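All remarks here apply to the structure that follows.
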Amino acid sequence: MDTMQAIRERHSVRAYTTKQIESEKRAKLNELAKICSLQGGIRIRMRYDDSKGFDSAMAHYGKFKNVHNYMILSGKKSDDLEERCGYYGEKMVLEAQKLGLNTCWVALTFNKHAVKKMIPSEETLVIVIAVGYGEDQGMMHKGKSVQDVTVSKGVMPDWFYQGAQAAVLAPTALNQQKFCIGIKDGEPVIRISGFGFYTKIDLGIVKYHFEAASGRKVR
């Protein structure tokens, strides 16, 4: 499975089976987590066979079931920490999809008290990503079109259109899709448009989708 197929087929999944993630898949996720942590200046911690992060009333309220594996994204506090966690977290998410696993970005409905104990006090907890074998493959939600989120005038270059197609498939909080994409001096630019919850994380996710599909670095 290539990255574009993973982008198209990946949907949020909240209910998982009790099947354990195999050791070879754990090794691949662990290695990528190390690489992403180094490249992004963040920390991605993998937790396996551990339900403490989702053992709470909030998790039950969020309709999470059998979440025994998850990623914890954190780092030193900075203005762009959330964006970097979104960018590299989505890289992890798509790798999990390629491995036949399912995922879900979780901002609120996990056991924050328990998860905070798993990271050093000097780090800021940003978000958690559930991972495992879903009871199903999730479902696609209706979203915006390429035209809805782009401000490019005239005919779009092929690379730009391909990147924008991937961007509108990016998961965003509450399916807000509060971003706009344009071209400045021949290079792609993506910005947050308006206000909303977790838009900085969403921006990082969207940037990763665009770059993975277009092969062009976003400003």
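Here, P(r) means the percent of Cα pairs in each 5 Å bin from 0 to the largest distance; for the chain it is 1, 7, 15, 19, 21, 17, 11, 6, 3, 1, 0. Within the range 14-102, the chymotrypsin sites (Phe, Trp or Tyr not before Pro) that combine a DSSP coil assignment with at most 15 other C-beta atoms in a 10 angstrom radius are TYR48.
When only the Cβ of Lys, Arg, Asp and Glu is charged (+1, +1, -1, -1), the dipole of the range 108-219 relative to its Cα centre reaches about 320 debye.
Principal-axis analysis of the Cα atoms of the chain puts helix 199-214 at an angle of about 60° to the longest axis. Can you tell me the orientation of helix 81-98 relative to the chain, as the angle in degrees between its alpha-carbon axis and the longest Cα principal axis, to the nearest 10? Result, in degrees: 80. When the C-alpha to C-alpha distance is required to be over 28 Å, the pairs from LYS25/LYS52; LYS112/LYS144; LYS19/LYS144; LYS117/LYS144; LYS77/LYS217 that qualify are LYS112/LYS144; LYS19/LYS144; LYS117/LYS144. Find how many whole Å separate the alpha carbon centroid of the range 191-215 from the alpha carbon centroid of the range 82-108. The distance from the Cα centre of the range 82-108 to that of the range 191-215 comes to 13 Å. Annotation for ALA27 and LYS77: the two label points, set 7 Å from Cα along the Cα-Cβ direction, are 4.0 nm apart. For the range 7-77, what does the alpha-carbon gyration tensor say about shape, rounded, prolate or oblate, given a ≥ b ≥ c as the root eigenvalues, a/c under 1.5 as rounded, and a/b over b/c as prolate? It is prolate, given that a/c is not under 1.5 and a/b is the larger ratio. Length gained on full extension, ARG219 to ARG8: 73.5 nm, using 0.36 nm per residue less the C-alpha separation. A 1.4 Å probe run over the protein chains yields, for the chain, 51 Å² of accessible area per residue, whole-number rounding.
Between helix 23-40 and the chain there is an angle of about 50 degrees, using the helix long axis and the longest principal axis of the Cα atoms. Under the convention that each Lys and Arg Cβ holds +1 and each Asp and Glu Cβ holds -1, the size of the dipole of the range 1-157 around its Cα centre is about 180 debye.
Under a crude label model (7 Å from the Cα following the beta-carbon direction), how far is ALA114 from ASP49 in nanometres? Result for the modelled spin labels: 1.7 nm.
The values are calculated or read from the model by the stated rules, or taken from the named source; none is laboratory data. Keep in mind that this is a model prediction, so the values were computed, not measured. Cβ: placed from backbone, ideal geometry, glycine included. Neighbour counts: every protein chain shown. Note: areas computed on protein heavy atoms with side chains; ligands, DNA, RNA excluded. Shrake-Rupley method; radii C 1.70, N 1.55, O 1.52, S 1.80 Å.
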